[in-house]
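Contents: one structure, followed by commentary.
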Amino acid sequence: MLDTSFAITPDKEKTTNKHLFKPIGKLISYKQDDQTLECTCENGYVSLIFYQQDTIRILMDQEQRPSKQSSFAVIQPSESVAISVDNQSDKLKIMSNLVTVVINKADFTMTIINQTEDVIVSEEKIGLGYNENNQAMCYKQMETSDHFYGFGQKTGYLDKRGEKLSMWNTDVFAPHNPSTDELYQSIPFFIAKRQKNAYGLFVDNTSRTVFDLKSSMDCYSFIVDERRLDYYLFVGPSVKNILAQYTKLTGTMPLPPKWSLGYHQSRYSYKSEREVRDLVKTFREKDIPLDAVYLDIHYMDGYRVFTFDRTRFPNPKQLVSDLQAQGVRIVPIVDPGVKRDAEYDVYKDGVNHHYFSQYIDGTIYHGDVWPGSSAFPDFTNTQVRTWWGKRHQFYTDFGIEGVWNDMNEPSVFNDTKTMDLAVIHENDGNPKTHRELHNIYGLMMGAATYHGLKQQLDNKRPFLLTRAGYAGVQRYATVWTGDNRSFWEHLQMTLPMCLNLGLSGVAFCGPDVGGFANDSNGELLTRWTQVGLFTPYFRNHSVLESIHQEPWSFGEHYEKIIKRYINERYVWLPYLYTLFKESSETGLPVMRPLFLEYPDDQETINLYDQFLVGEHILVAPILTPSTNHRVVYLPEGNWIDYWTDKCYQGKQYHLIQADIDILPIFIKEGAIVPLAKTKSSTQVLDDELEIHVYPKINETHTFNYYEDDGLTFDYQSGQYYLAEVNVSYNSDELTLHYTDKHTGYKPSWSDLTFVLHGLTEQTSVELVKENNHQISMKIIKKQVRE
Ligand code: MIG
């Protein structure tokens, strides 16, 4: 019935409820305790904590002093910040070195200003308070120049101004259209970019959070499904600063194993050992690189996690080792639902130890998922996480080094799509309902899995892929964007979705290349694989009963091009790996929106169909069918076409030709890019490296090339290689400095070629090297330039 016009019956109009808002009210008294200000207001309590030099935490509760307990997302305790309080008749001013918070005593609205007296963010007339359902909320002023980014995984465009966004981890099979709001990830964090500066805001709430940037022109709000509100303000001033501040609080991505950056092939499902072996054989015969194959749910015995169906997969250990010899890893899926089966050891164990989520009266919650009626581990409990982690020895004993977590919203086959909200989670002695903790279930499953694998892998880096998550998910897992479809619209959506994930701390993310649901086709798969070359995570995956979409599925013409782009992934790996290393330290994404590097360029505000990889590589894919041209915006500077070396002037739009075999890639003048020869898998060691130099006249540029064994944690104890490449270029002379900065690891390559782009005949080149081990270096000059 709701699919008809009945859905819009005339009496259904929702009112905006601003008039029902109950403000926290005037300030009655306050008490300062070091860097914390405990305020008592007319209608509740507020605590203001100068959490870090550049981060302010604000807590509110209606009936009591708000608890300072953070969710599992926050790993950084507060540091000591010196503050002073200036108590004026109508205002309270709280100052640190960097920030001043001004509280208006009459209505407790807050304004936050920086050292240069710029308003970072403000509240006017209304700020903190409660809505008609007693849910805690907050209004803030919105300026016309404000634009909003982040919010984890969302459909739609890059800039979220004008959107209403709700956070509730939800398994959404396929639609992913503009009205699909709640998806698998809930990251209640955003970045607001204003004319002069930017700020970040993270609402640490694990029940539903709703951000409303739509209902009003001059203010926005956020509402949590709680009486208590806990949020952090990051004061910037730049977007890069905010990402550093946010990932300091919630963690950065650990450096992933190199094999996880290769090309991965998946399907729901490759159903038998035979099928998997044939698949890998075809990749090798066709000489298409491959680093991992995924085992979807059919590998299990009756969908029981931690089992193999021994008819389909008679010898997992042999399979894993035979494939590994060819440079291919196996990644099995692991769902949280444990089959209700009194003869199944995981279930028995879980029941006996009270490891499953249960109702307040002690009965275990059972819900239907693939294995039928199933129980769900209570990952909020440390003991349960340890138990679950240990269980992974089942996989690591076979030689498996990576796991894929799915259905961990958690998804349950019923009307609400999830667990009964009344179920209790132990939460290490601070029990809460599933309603309160829903959004953190997937993250905590991720923590359990990652730590378990890490412990068993004997110094090797684990790989974990997850569908659901909360703020901080980057500490444990790579995020793929779930069940998209083989539509051009979904290829288009990949870009802003991944860019905003990257701006939410999740640097390592990517879509199902080719599209999951519905049938793909040759042209779409080709264009999608071109994008996949530069999405941080690169996996082709498709649903049961859809047309197969392995690289060769649509004939030789497309196969050739698809293969070329998978090959390119391996060419770009040295550059990408260096970026991943940086990202693991800085929290900056690998795949970046243009505004991150060009914050003052108004053209980049909502530029969603092109992106940067690191600072200097601009990618502008074709995202529509039968298209061989597109408009590309190049920001200031000169940009060199990767394929032709043609030079384009920036700060303007260009019409670029890109036939089906071309992904437009532009390299900014000044860039230094390490590239390798392609290879069948990351397991094959490089014996040569090329460093491509795109010098800019009268400028000096530097690049730090990073390399290590790609596999273990040894880099943490200094076993890595870092070289600085420095290029300075004057009209007739180019000087190249190649300097070892750290030599705790010896790269496999010994031939190094510098490829210098765009020099004139007359330019003389001088190479100055300071390196310890034997490298033979040569220089190639490329003069092609229109
Ligand atoms: O649809 O395990 O998003 O990647 O292939 C149900 C089967 C469950 C959803 C995942 C998809 C996976 C599929 N899963």
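The values are calculated or read from the model by the stated rules, or taken from the named source; none is laboratory data. Everything numeric in this text was worked out from a predicted model, so none of it was measured. Cβ sites come from the backbone with ideal geometry, for glycine too, and all protein chains shown count toward neighbours. Note: accessible area is taken over every heavy atom of the protein model, side chains too, but ligands, DNA and RNA are not part of it. Shrake-Rupley method; radii C 1.70, N 1.55, O 1.52, S 1.80 Å.
Near residue 108, the amide H atoms lying under 5 Å from its own belong to 27; only residues 5 or more places off or on other chains count, and H is placed 1.01 Å from N.
Taking amide hydrogens as placed 1.01 Å from N in the peptide plane, the amide H of residue 356 sits under 5 Å from those of 378, each at least 5 positions away in sequence or on another chain. Between residue 348 and residue 131, the modelled label-to-label distance comes to 4.9 nm, taking each label 7 Å out from Cα in the direction of the beta carbon. In order along the range 149-159, the phi-based Karplus estimate (6.51 cos²θ - 1.76 cosθ + 1.60, θ = phi - 60°) of 3J(HN,Hα) comes to 9, x, 6, x, 9, 9, 6, x, 8, 6, 7 Hz; Gly and Pro are listed as x. Three principal axis extents of the range 535-650 based on alpha-carbon atoms, in descending order, are 47, 36, 27 Å. For residue 629 and residue 545, the FRET efficiency from 1/(1 + (r/R0)^6), where r spans their Cβ atoms and R0 equals 45 Å, is about 0.80. Kirkwood analysis of the Cα pair distances in the range 362-422 returns a hydrodynamic radius of 13.4 Å.
Using C-alpha pairs below 8 Å separated by at least 6 residues, the relative contact order for the range 617-670 is 46 percent. The Cα atoms of the range 161-266 give a gyration tensor whose axes a ≥ b ≥ c have a/c of 1.5 or more with a/b no greater than b/c, which makes the shape oblate.
With the Kirkwood sum run over all distinct C-alpha pairs, the range 209-250 has a hydrodynamic radius of 12.3 Å. Convex hull volume per residue, computed on the Cα atoms of the range 455-529, equals 109 Å³. Can you bin the range 640-708 into rounded, prolate or oblate? Criterion: square roots of the alpha carbon gyration tensor eigenvalues sorted a ≥ b ≥ c, rounded for a/c under 1.5, prolate for a/b above b/c, oblate for the rest. Cα axes put the range 640-708 in the oblate bin.
Per residue, the average separation of C-alpha pairs within less than 8 Å and at least 6 apart gives the chain a relative contact order of 10 percent. Convex hull volume of the C-alpha atoms in the range 469-603, normalised per residue: 119 Å³.
Ranking 658, 642, 672 by how far each Cα lies toward the positive end of the dipole of the range 637-679 (charges on Cβ) leaves 672 at the top.
The local environment of residue 40, defined by Cβ-Cβ distances under 14 Å, has a net charge of -1 under the rule Lys, Arg +1 and Asp, Glu -1. For the range 66-80, 3J(HN,Hα) computed residue by residue from phi via the Karplus equation (6.51, -1.76, 1.60; θ = phi - 60°) reads x, 5, 9, 5, 8, 6, 4, 5, 8, 10, 9, x, 6, 9, 7 Hz, glycine and proline entered as x. Given a 1.4 Å probe and every protein chain left where it sits, what share in percent of the accessible area of the chain is carbon and sulfur? Accessible surface attributable to carbon and sulfur in the chain totals 47 percent. Put simply, the amide H of residue 769, placed in the peptide plane, has neighbours under 5 Å in 738, leaving out anything fewer than 5 places away on its chain.
Each of 439, 398, 516 was scored by the projection of its Cα onto the charge dipole of the chain, and the greatest displacement toward the positive side belongs to 398; charges sit on the C-beta of Lys, Arg, Asp and Glu.
Mind giving me the FRET efficiency for residue 315 and residue 782? R0 is 45 Å, r the Cβ-Cβ distance, nearest 0.05 is fine. It comes out at approximately 0.30. The chymotrypsin sites (Phe, Trp or Tyr not before Pro) of the range 589-686 that meet both conditions, a loop assignment by DSSP and at most 13 other Cβ atoms within 10 Å of the site Cβ, are 643.
In summary, the lysines within cross-link reach of residue 125, defined as a Cα separation below 16 angstrom excluding same-chain residues under 8 places away, comprise 18, 22, 26, 91, 105, 140. Loop-located trypsin sites (Lys or Arg not before Pro) in the range 397-466 (DSSP state other than H, G, I, E, B) with a sparse environment of at most 11 neighbouring Cβ atoms within 10 Å are absent. For the range 432-566, the residue among 533, 495, 465 whose Cα projects farthest onto the positive side of the dipole built from Cβ charges is 465.
Lys-Lys pairs in the range 143-214 that are eight or more residues apart or on separate chains and whose Cα atoms lie under 15 Å of each other come to 4.
Based on protein heavy atoms only, the chain ends up with 37 Å² per residue of surface accessible to a 1.4 Å probe.
Using only the alpha-carbon atoms of the chain as identical scatterers, what base-10 log of I(q)/I(0) does the Debye formula give at q = 0.05, 0.07, 0.11 Å⁻¹? After summing over all Cα pairs, the log10 values are -0.27, -0.53, -1.29.
Above 14 Å, the calculated P(r) of the range 288-337 contains 52 percent of its Cα-Cα pairs. Fully extending the segment from residue 43 to residue 560, taken as 0.36 nm per residue of separation minus the present Cα-Cα distance, adds 179.4 nm.
Among the listed pairs 281/677; 677/781; 240/696; 646/679; 93/432, those with a Cα-Cα distance over 30 Å are 93/432.
Averaging sequence separations of C-alpha pairs under 8 Å and six or more residues apart, then dividing by the length of the range 666-777, give the relative contact order as a whole percent. Relative contact order for the range 666-777 comes out at 27 percent. Cα centroid distance between the range 266-301 and the range 402-429, in Å? The range 266-301 and the range 402-429 have Cα centres spaced 29 Å from each other. The phi torsions of the range 257-267, fed into the Karplus equation with coefficients 6.51, -1.76 and 1.60 and a -60° offset, translate into couplings of x, 4, 4, 6, 8, x, 8, 10, 10, 9, 6 Hz, rounded to whole numbers, with Gly and Pro shown as x. Using the alpha carbons alone, the radius of gyration of the range 325-438 stands to its Kirkwood radius in an Rg to Rh ratio of 1.00. Evaluated over the Cα positions of the range 17-109, the convex hull gives a direction-averaged projected area, one quarter of its surface, of 6.9 nm². Plainly put, the range 598-723 has a radius of gyration that is 1.03 times its Kirkwood radius, both from alpha-carbon atoms, as the Rg/Rh ratio. About its Cα centre, the chain has a charge dipole of approximately 480 debye under the convention of +1 per Lys or Arg Cβ and -1 per Asp or Glu Cβ, with nothing else charged.
For the range 30-99, trypsin sites (Lys or Arg not before Pro) meeting the loop criterion (DSSP other than H, G, I, E, B) and having at most 16 other Cβ atoms within 10 Å: 68. Candidate cross-link partners of residue 460 among the aspartates and glutamates, defined by an alpha-carbon separation under 15 Å and a same-chain spacing of 8 or more, comprise 397, 401, 708, 709, 714.
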